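Working notes for the structure below.
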Amino acid sequence: MITIGSKAPGFELEGSDGKRHTLEEFKGGYLVLYFYPKDDTPGCTTEACGFRDAINEIRKAGAEVVGVSKDNLGSHGKFKEKYKLNFLLLSDPDSKTIKAYDSYGDRGIFGMGTLRKTYIIDKGGKVAKIYEKVKPDGHDREVLEFLKSAKS
């Protein structure tokens, strides 16, 4: 179980930019690591477009946004292109990282799968904030508010 203040689980996943990415490469800044069920579905699109529209403010607050789902890189590429997403998406086809971040479970009528959760990881690799049961609309704003308060 991940708690605030605990060390964030490491990962090594393929990214939408064609490179492998690890948690370590984001140290030195805040990382908004968000988990979502599926590319190009209504809630996931709303959440991603919110982050897209707020990315400049989020980066000014010293953070980078990274989305993680089970979708493959082809799906991520189409999703990014269709909605002009300006941040990295990582592919976790076996849900290993999704499960390490307690983001896999019962989704009610949708069955077992990836839960919509967000972790903000601080500059030292520790969990600074956890958002459980995220509501896609406006989530970017609450993340930005946290980042601004953490920075000051």
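The values are calculated or read from the model by the stated rules, or taken from the named source; none is laboratory data. As the structure is a prediction and not an experimental result, all values here were calculated from the model. Backbone-built Cβ (ideal geometry, glycine too); neighbour counts: all protein chains shown.
Of the residues contained in region 66-73, one or more are found to be under 15 Å from the mean Cα position of the chain (by Cα), surrounded by fewer than 21 Cβ atoms within 10 Å (Cβ to Cβ) and not in a helix (DSSP H, G or I). For I55, the conditions (1) in a helix (DSSP H, G or I); (2) in contact with a helix residue (DSSP H, G or I) (Cβ under 8 Å, 6 or more places away or on another chain) are fulfilled apart from (2). If we keep just the residues of region 42-65 that are buried (at least 17 other Cβ atoms within 10 Å of the Cβ) and either of a type in the set (V, I, T) or out of contact with any Leu (no Cβ under 7 Å at 6 or more places or on another chain) (or both), which is farthest from N86 (Cα to Cα)? Among those residues, the one meeting the criterion is C44. Say whether the condition of being surrounded by fewer than 19 Cβ atoms within 10 Å (Cβ to Cβ), touching a residue at least 60 places away in the same chain (Cβ under 8 Å) and assigned to a strand (DSSP E or B) is met by at least one residue in region 137-147. Scanning region 137-147, I find no residue that is surrounded by fewer than 19 Cβ atoms within 10 Å (Cβ to Cβ), touching a residue at least 60 places away in the same chain (Cβ under 8 Å) and assigned to a strand (DSSP E or B), so the answer is no.
Report whether or not G108 is of a type outside the set (K, R), closer than 19 Å to A8 by Cα, at pLDDT below 95 and surrounded by fewer than 14 Cβ atoms within 10 Å (Cβ to Cβ). Answer is no for this residue. Among the residues of region 10-52, the one identified as assigned to a strand (DSSP E or B) and among the polar types (S, T, N, Q) is T22. What do you reckon, is G124 surrounded by fewer than 17 Cβ atoms within 10 Å (Cβ to Cβ), assigned to a loop (DSSP other than H, G, I, E, B) and touching a residue at least 12 places away in the same chain (Cβ under 8 Å)? Spelling it out, G124 is indeed surrounded by fewer than 17 Cβ atoms within 10 Å (Cβ to Cβ), assigned to a loop (DSSP other than H, G, I, E, B) and touching a residue at least 12 places away in the same chain (Cβ under 8 Å).
The rows are residues; the columns are (1) among the aliphatic types (A, V, I, L, M); (2) under 19 Å from C49 (Cα atoms); (3) in contact with a Gly (Cβ under 6 Å, 6 or more places away or on another chain).
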site: L90; (1), (2), (3): yes, yes, yes
site: P93; (1), (2), (3): no, no, no
site: D106; (1), (2), (3): no, no, no
site: Y119; (1), (2), (3): no, yes, no
site: K123; (1), (2), (3): no, no, yes
site: K133; (1), (2), (3): no, yes, no
site: P136; (1), (2), (3): no, yes, yes
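Residue count for region 74-108 under the criterion of being part of a helix (DSSP H, G or I), over 23 Å from I130 (Cβ atoms) and either aromatic (F, W, Y) or in contact (Cβ under 8 Å) with a residue 12 or more places away in the chain (or both): the result is 8. Here G15 does not qualify as within 16 Å of K123 (Cβ to Cβ) and in contact with a strand residue (DSSP E or B) (Cβ under 7 Å, 6 or more places away or on another chain).
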